[in-house]
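The values are calculated or read from the model by the stated rules, or taken from the named source; none is laboratory data. In this text the structure is predicted, and so the values were computed from the model without any measurement. So basically every Cβ, Gly included, is an ideal-geometry build from the backbone, and we count neighbours across all protein chains shown. Protein only, heavy atoms only, side chains kept; ligands, DNA and RNA dropped before computing areas. Shrake-Rupley method; radii C 1.70, N 1.55, O 1.52, S 1.80 Å.
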Amino acid sequence: MINMEHGGLYYTFLRWTKWSKHTSILYRYLESKVPEYELPPLLIKNDGSKVKNSNDWYEFRRNELLNLLKTHEYGRSPKYSGGLKYKVIEHNELALNGLAIRKQIGICLHPDDEDSIMNLLIYLPVDDEKPIPLIVGLNFYGNQTIHRDRRIILPKTWIRNKESYGITNNRATHDSRGVRSYRWPVEFVLKQGFGLATAYYGDICPDRNDGCDLGVNNLYKTEKNASRKVDDWGAISAWAWGLSRAMDYFEDDDDIDEHNIGVMGHSRLGKTSLWAGAQDERFSYIIASASGCGGAALSKRSFGETVKLINDRFPHWFCKNFEKYNANECNLPIDQHMLIALNAPRPLYVSMADRDLWADPKGMYEAMVEADKAYKLLGTQGLPDGHKLEVGKHFYGQIGFHMRPGGHDVLKSDWEHYLKFIKLHMK
Ligand code: GCU
């Protein structure tokens, strides 16, 4: 079967000619071609002993896993010891026709660089009792794309051109207001009693091959212009770090319930939300849409997008060490079940779509099944009884998931599940 997403046949053709001289790219979509693999064990410590209880998990295994993922996949972010400043740029109690409070906060990402600002846009339901639970997620083309609200501040940072969105010369324009609103059902979220916050991921690290020489990765280099060390942070780590800086702000805002914050992301930003939740336990709910390779999908299956394909196209997303596993997944000492498990025991939701084979729904499901062992060890239900991967079905355990019909996207119907799932678990 051919994945018709990502530009359809033409894109598939390009991938074929570039990466696969002798074998058809279709090879990547054949379940029969998935190699035999053994997953690195989740509940065996580095010294070979078993993880027997939650104490073993919190004292030893969790740190070992974090360390493994930092070393081999995402890289190490600089230690953050607090003290970054933020500025309330705007606070309006009558936004969206009186439905919302809108706040726009400029968070400075480095103490010595006043220009390194991440603009956080927050909508809160006007009538609800404070503090309010909230979902935060990064966006791809600027805060103005999530809603037609003309008061949303346009980003000043580099943005990938997209003519159909009115984004040319790598700058945001008024024309791009609301172009991605179908992915961000703001009013619906507010009416469900949740706040919604977002920031443009390029404010943190531009999503381009030289991104790590720019953005926060560059600001925190100990040696100016030094090239990336093998385990230095990549862009995904930088974006996750930015989400934690948003979390710092939520802790300071009395209108927001910092004990009920969900982190959500789609695709590369779904990989990011999983990694943000893994590292920062202040996020209470973790939601990953179509996160695929480097997200919830097992790398060792080499199905759909592989480690080599992702590293070749996006050399800045992961740390340099990850390149060692290009076409060499069998030697990976880690896999993505570990990423999911690092979010345990917090409620975690994975959404997928049946035509999105590039993101390998089966690989995401199998990673959840493995991660379930950590969820159960920590005394939660983990995956609910009777779970299976089936189009149109959803399951809400401590791990929840659904696979809807369709392609690589995030829709209002996905959000309906996210909110129901969070409500079920709310503290
Ligand atoms: C590409 C990439 C995926 C990623 C997706 C996205 O398709 O190969 O890994 O998830 O972009 O972020 O939209």
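Observations, loosely collected:
- Selection over segment 80-110 of residues that are closer than 30 Å to Asp213 by Cα, modelled with pLDDT of 95 or more and not basic (Lys, Arg) gives a count of 11.
- Criterion violated by Ile422 - all others in (1) open to solvent by less than 50 Å² (accessible area, probe 1.4 Å); (2) within 16 Å of the ligand (Cβ to nearest atom); (3) of a type in the set (A, V, I, L, M) satisfied: (2)
- Residue count for segment 139-197, restricted to those that are part of a strand (DSSP E or B), of a type in the set (Gly, Ala, Ser) and out of contact with any Asp or Glu (no Cβ under 9 Å at 6 or more places or on another chain): 1
- Only residues that are without any contact (Cβ under 8 Å) to a residue 24 or more places away in the chain and buried (at least 20 other Cβ atoms within 10 Å of the Cβ) were counted across segment 293-313, and they come to 2.
Residue-by-condition table, conditions (1) more than 13 Å from the ligand (Cβ to nearest atom); (2) in contact (Cβ under 8 Å) with a residue 60 or more places away in the chain; (3) surrounded by 20 or more Cβ atoms within 10 Å (Cβ to Cβ):
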position	(1), (2), (3)
Asn225	yes, no, no
Trp241	yes, yes, yes
Asp254	yes, yes, no
Ser267	no, yes, yes
Lys271	no, no, yes
Glu281	yes, yes, no
Ser289	no, yes, yes
Pro315	no, yes, no
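- Some residue of segment 201-220 being in contact (Cβ under 8 Å) with a residue 12 or more places away in the chain, within 29 Å of Gly407 (Cα to Cα), more than 16 Å from the ligand (Cβ to nearest atom) and crowded, with 19+ Cβ neighbours inside 10 Å: yes
- Checking each residue in segment 362-386 for being part of a helix (DSSP H, G or I), open to solvent by 10 Å² or more (accessible area, probe 1.4 Å) and touching a residue at least 60 places away in the same chain (Cβ under 8 Å) picks out Lys362, Glu366, Glu370, Lys373, Leu377.
- Checked against (1) within 30 Å of Val186 (Cβ to Cβ); (2) open to solvent by 10 Å² or more (accessible area, probe 1.4 Å), Arg102 passes all but condition (2).
- All of (1) open to solvent by 70 Å² or more (accessible area, probe 1.4 Å); (2) at pLDDT 95 or above; (3) out of contact with any strand residue (DSSP E or B) (no Cβ under 8 Å at 6 or more places or on another chain) hold for Thr71 with one exception: (1).
- Yes/no for Asp372 being out of contact with any Leu (no Cβ under 7 Å at 6 or more places or on another chain) and among the acidic types (Asp, Glu): no
- Taking segment 363-394 as the range and being under 28 Å from Lys33 (Cβ atoms), more than 16 Å from the ligand (Cβ to nearest atom) and of a type outside the set (Asp, Glu) as the test, the residues that pass are Tyr365, Met368, Val369, Ala371, Lys373, Leu383, His387, Lys388, Leu389, Val391, Gly392, Lys393.
- All positions within segment 395-417 that are surrounded by fewer than 21 Cβ atoms within 10 Å (Cβ to Cβ), within 16 Å of the ligand (Cβ to nearest atom) and of a type in the set (D, E, K, R): Asp409
- Selection over segment 310-327 of residues that are in a loop (DSSP other than H, G, I, E, B) and of a type in the set (Phe, Trp, Tyr) gives a count of 3.
- Filtered residue count, segment 65-119, keeping only those that are hydrophobic (A, V, I, L, M, F, W, C) and outside any strand (DSSP E or B): 8
- Matching residues, segment 291-309, being near the ligand (Cβ under 10 Å from one of its atoms), small (Gly, Ala, Ser) and outside any loop (DSSP other than H, G, I, E, B): Ala297
- Tallying residues that are open to solvent by less than 40 Å² (accessible area, probe 1.4 Å) and of a type outside the set (D, E, K, R) within segment 52-68 yields 4.
- Only a single criterion out of (1) away from the ligand (no atom under 13 Å from the Cβ); (2) open to solvent by 10 Å² or more (accessible area, probe 1.4 Å); (3) out of contact with any Pro (no Cβ under 9 Å at 6 or more places or on another chain) is not satisfied by Ile340, namely (2).
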